[in-house]
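*Asks:* Questions regarding the structure given below will be posed in turn.
The values are calculated or read from the model by the stated rules, or taken from the named source; none is laboratory data. For clarity, every value in this text was computed on a predicted model and none was experimentally measured. Cβ sites come from the backbone with ideal geometry, for glycine too, and all protein chains shown count toward neighbours. To get the accessible areas, we keep the full protein, side chains included, count just its heavy atoms, and leave off ligands, DNA and RNA. Shrake-Rupley method; radii C 1.70, N 1.55, O 1.52, S 1.80 Å.
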Amino acid sequence: METIFFKGTPCHTYGDIPATGTQAPGFRLTGKDLDTVSLSDYKGKRVILNIFPSLDTGVCAMSVRRFNKEAASLDNTAVVCISMDLPFAMGRFCAAEGIDNLTVASAFRSPEFVKEYGLQMVDGPLAGLLARAVIVVDTDGKVIFSDLVEEITREPDYEGAISVLK
C-alpha cells in the first residue's frame, strides 16, 4: 500500500507500484472500441504506461496530450494511457482532441490490473479510481522507470520517463 495525496488529503493505494528492475505484470484492458488491449500486444516494443484517475480532469487530459506529442518522436515505443474511464468516453476524448499516436485503455473491468499494478485508490475523495503514475517497460518486459506521483493534482515526470528511452 502506498500513500499519495489529493489536494493534501492522504489517500492509499491497493498495493505497490511495480518497481524498476522487475518484470512488468501482464494485463488485459478494454480499448476505446471495446477491443482487448494487453501488454503482450507490444512484445518487442518499449511501452510507456500513463496511468491516471480520469480524462475528465485537466491534469489527466494534459498528460494524454503531452504523451501523444512525445510518442510521435519515439522509435519502437508505444504509449498506453490507462484509467477507469469508460471506453466510449476515452474514444470521444481522443476524437475531439486529435489523439492518434497512443492507445487508450480502460481498467474498468480488469481486476488483474488493479491487483498486479496496485494503483487503485482505496480511500479518499477519488476512491475506486487509479492513482497517477508512469511506468516504462523495455523490449524485454522489464520495468525501467516507475513513478507514482505523490500529489494527484500534479503532472507526472514526463522528462524522467522519456529520458530512459533515449
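*Asks:* Using a probe of 1.4 angstrom, how much of the accessible area of the chain is carbon and sulfur, in percent? Provide the component values of the computation, followed by the final result.
*Replies:* On the way: 3710 of 7520 Å².
Here carbon and sulfur together make up 49 percent of the probe-accessible area.
*Asks:* Here is a follow-up. According to the square roots a ≥ b ≥ c of the eigenvalues of the Cα gyration tensor, what is the shape class of region 81-120, taking rounded for a/c under 1.5, prolate for a/b larger than b/c otherwise, and oblate for the remainder?
*Replies:* Details: a/c = 3.55, a/b = 2.23, b/c = 1.59.
Verdict is prolate for region 81-120.
*Asks:* For Lys142, list long-range residues whose amide hydrogen, built 1.01 Å from N in the peptide plane, is under 5 Å from its own amide hydrogen.
*Replies:* Distant-sequence amide H within range of Lys142: Ala24.
*Asks:* Which value, in Å² rounded to 10, gives the accessible area of Thr30 with a 1.4 Å probe and all protein chains present?
*Replies:* 10 Å²
*Asks:* Could you derive backbone 3J(HN,Hα) for region 100-117 from the dihedral phi with the Karplus parameters 6.51, -1.76 and 1.60 (θ = phi - 60°), listing whole Hz in sequence and x where the residue is Gly or Pro?
*Replies:* Working through the residues one at a time gives 9, 9, 9, 10, 9, 8, 9, 9, 4, 10, 10, x, 5, 5, 4, 5, 6, 9 Hz.
*Asks:* Can I ask one more? What FRET efficiency comes out for Asp157 versus Asp56 if R0 is 22 angstrom and r is the Cβ-Cβ distance? Round to the nearest 0.05. The partial results should precede the final answer.
*Replies:* Details: r = 23 Å, r/R0 = 1.02.
Efficiency for this residue pair is about 0.45.
*Asks:* For Ala161, what charge total do you get from the other residues with a beta carbon under 12 Å from its beta carbon, if Lys and Arg give +1 and Asp and Glu give -1?
*Replies:* Around Ala161, the charge tally is -2.
*Asks:* Would you tally the net charge around Leu86, using a Cβ to Cβ cut-off of less than 12 Å, leaving Leu86 out, and scoring K and R as +1, D and E as -1?
*Replies:* Net of charged neighbours comes to +1.
*Asks:* Same structure again: With N denoting the number of residues in the chain, provide Rg(C-alpha) divided by 2.2 N^0.38 Å, to two decimal places.
*Replies:* Details: Rg = 14.3 Å, N = 166, 2.2 N^0.38 = 15.3 Å.
Output field value: 0.93.
*Asks:* Count charges around Thr139 for me, please; just the other residues with Cβ under 15 Å from its Cβ, Lys/Arg as +1, Asp/Glu as -1. Numbers along the way, then the final one.
*Replies:* Values: positive: Lys43, Lys45, Arg46, Lys142, Lys166; negative: Asp41, Asp75, Asp138, Asp140.
With Lys, Arg at +1 and Asp, Glu at -1, the neighbours total +1.
*Asks:* Using the structure shown, list the pairs from Lys69/Lys115; Lys7/Lys32; Lys115/Lys166; Lys7/Lys142; Lys32/Lys142; Lys7/Lys166 with a Cα-Cα distance above 28 Å, or answer none. Walk me through the numbers on the way to the answer.
*Replies:* Numbers: Lys69/Lys115 30 Å; Lys7/Lys32 30 Å; Lys115/Lys166 31 Å; Lys7/Lys142 32 Å; Lys32/Lys142 26 Å; Lys7/Lys166 33 Å.
In this structure, Lys69/Lys115; Lys7/Lys32; Lys115/Lys166; Lys7/Lys142; Lys7/Lys166 lie more than 28 Å apart at Cα.
*Asks:* Right, another one. Which whole-Hz couplings ³J(HN,Hα) result when phi for each residue of region 13-22 is put into the Karplus expression 6.51 cos²θ - 1.76 cosθ + 1.60, θ = phi - 60°, listed in order with x for Gly and Pro?
*Replies:* The phi angles translate into 9, 4, x, 10, 5, x, 7, 4, x, 8 Hz.
*Asks:* How much area per residue is accessible in region 58-127 when the probe is 1.4 Å and only protein heavy atoms are counted (Å²)? Kindly include the intermediate steps, with their values, before the conclusion.
*Replies:* Numbers: 3050 Å² over 70 residues.
Ligands and nucleic acids excluded, the result is 44 Å² per residue.
*Asks:* Measuring from centroid to centroid over Cα atoms, what is the spacing of region 62-121 and region 135-160 in Å?
*Replies:* Going from one Cα centre to the other spans 13 Å.
*Asks:* If DNA, RNA and ligands are ignored and the probe is 1.4 Å, what is the ranking of Thr103, Thr139 by accessible area, most exposed first? Mind showing how you got there, number by number?
*Replies:* On the way: Thr103 40, Thr139 65 Å².
Per-residue accessible area, sorted high to low, gives Thr139, Thr103.
*Asks:* Can you tell me what share of the DSSP beta bridges in region 1-108 is antiparallel? A percent to the nearest 5 is fine. If you can, show how the numbers build up before the last one.
*Replies:* Working: 9 of 19 bridges.
Here the share of antiparallel DSSP bridges comes out near 45 percent.
*Asks:* Taking H as built 1.01 Å from N, whose amide H comes closer than 5 Å to the amide H of Cys11, not counting residues under 5 places away?
*Replies:* Residues meeting the amide H criterion: Ile4, Phe5, Phe6.
*Asks:* Ok, one more. For region 78-166, state what percent of all Cα-Cα pairs lands in each successive 5 Å bin, counting from 0 Å until the bin that includes the largest distance.
*Replies:* Binned Cα distances yield the sequence 3, 12, 20, 24, 23, 15, 4, 0.
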